[in-house]
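Inspection log for the structure reproduced underneath, given as structure tokens.
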Amino acid sequence: MIPKPPFLRDISPERELEEFRRLQPRLEELWNALSNQEEQPYTSVVVPSLTLDERELEKLDGANYYEERLLFLLIRLRNPQARMVYVTSRPVHPMILEYYFELLAGIPASHARSRLTLLCAHDASPRSLTEKILERPRLIQRIRYGIGDPNRAFLTVYNATPLERRLAVLLGIPLNGVDPDLQHLGTKSGSRRVFREAGVDLPEGFEDLRSREDLVAALTELGRKRPGIRKAVLNLFLPLRDLAGHEESRQQETHDRTADAEQPPGP
């Protein structure tokens, strides 16, 4: 199989972001269409990559088998016009596939199997599946062939990082996941800022603490605001090093989540 453009080397960071934002509206359009009439043709590309730090993946025994956790998405093949491209690091055992096909009530296993394209990187190294795909132009091209109409397809992943965004752009389909540039809003500190901005009640506390001194100051201020408090909850956020070699600052938060319960009894 001869790979065809676009190639990874051809896409600058600026073009990647531009293409990603151009593609994402398609997801809403397709989702709305499927909500109105489920039995429509579309292709679901599933890349169940644990895109984590390589050192963390080495700690997980059988990390590649985690890629089978999204096989429950085969239920999408209950739609007789749906197709799926499922990519893994190593081949999936046929008996495992048979188990999931048996869950498709009313759909013959042979019919569902004919609409499933299984692709494999044949690489058991402790790296993310998405990284393995990106370095294999022929595998990317095989995924493209399995998609058919990119206007009626989307990419489903285990967790969305800049690597999954890059893969979505190379495939020319939207990503069924959060924009990696917005991930900070899902952190504990980010969530507190969003709640506060939206006027949503949240426990007394502080965020964006990055040192022992910050923590001591926050606890002192928390005690001043809530006299008599006996306990506070510390949430420690240790982000994993991303595959581009950058590491976010460690963030610590202290939340007065148990203040009411821990108030000393009244006289």
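The values are calculated or read from the model by the stated rules, or taken from the named source; none is laboratory data. Computed from a prediction, not measured in an experiment: that's the story for all the values here. Methodologically, a virtual Cβ is constructed for each residue, glycine included, from the backbone with ideal geometry; neighbour enumeration extends over all protein chains shown.
Restricting the search to the range 2-17, which residues are more than 12 Å from residue 165 (Cβ to Cβ), surrounded by 13 or more Cβ atoms within 10 Å (Cβ to Cβ) and of a type outside the set (A, V, I, L, M)? Passing the criteria: 3, 6. Here residue 197 fulfils each of the conditions (1) touching a Lys or Arg at 6+ places or on another chain (Cβ under 7 Å); (2) of a type in the set (Asp, Glu); (3) without any contact (Cβ under 8 Å) to a residue 12 or more places away in the chain apart from (1).
For the range 67-87, give me the residue count where each residue is without any contact (Cβ under 8 Å) to a residue 40 or more places away in the chain and surrounded by 12 or more Cβ atoms within 10 Å (Cβ to Cβ). Break it down into steps so the answer makes sense when it comes.
Of the residues in the range 67-87, the ones without any contact (Cβ under 8 Å) to a residue 40 or more places away in the chain are 68, 71-72, 75-78.
Next cut, surrounded by 12 or more Cβ atoms within 10 Å (Cβ to Cβ) only: 68, 71, 75-78.
Number satisfying all stated conditions: 6.
Taking the criterion of being surrounded by 15 or more Cβ atoms within 10 Å (Cβ to Cβ) and not aliphatic (A, V, I, L, M), the residues of the range 91-110 that qualify are 100, 101. Applying the set (1) touching a Pro at 6+ places or on another chain (Cβ under 9 Å); (2) surrounded by 15 or more Cβ atoms within 10 Å (Cβ to Cβ) to residue 166 leaves exactly one unmet item: (1). For the range 111-120, the condition holds for no residue, the condition being that it is within 22 Å of residue 28 (Cβ to Cβ) and either crowded, with 18+ Cβ neighbours inside 10 Å or among the acidic types (Asp, Glu) (or both). Does residue 90 fit the bill of being farther than 23 Å from residue 5 by Cα, in contact (Cβ under 8 Å) with a residue 12 or more places away in the chain and part of a loop (DSSP other than H, G, I, E, B)? Taking the combined requirement at face value, the residue satisfies it. Could you check, for the range 43-52, whether at least one of its residues is surrounded by fewer than 17 Cβ atoms within 10 Å (Cβ to Cβ) and either modelled with pLDDT under 95 or over 23 Å from residue 151 (Cα atoms) (or both)? Looking for residues that are surrounded by fewer than 17 Cβ atoms within 10 Å (Cβ to Cβ) and either modelled with pLDDT under 95 or over 23 Å from residue 151 (Cα atoms) (or both), one finds none in the range 43-52, hence no. Any residue at all in the range 216-239 that's under 30 Å from residue 44 (Cβ atoms) and either in a loop (DSSP other than H, G, I, E, B) or without any contact (Cβ under 8 Å) to a residue 24 or more places away in the chain (or both)? The answer is yes, given that some residue of the range 216-239 is under 30 Å from residue 44 (Cβ atoms) and either in a loop (DSSP other than H, G, I, E, B) or without any contact (Cβ under 8 Å) to a residue 24 or more places away in the chain (or both).
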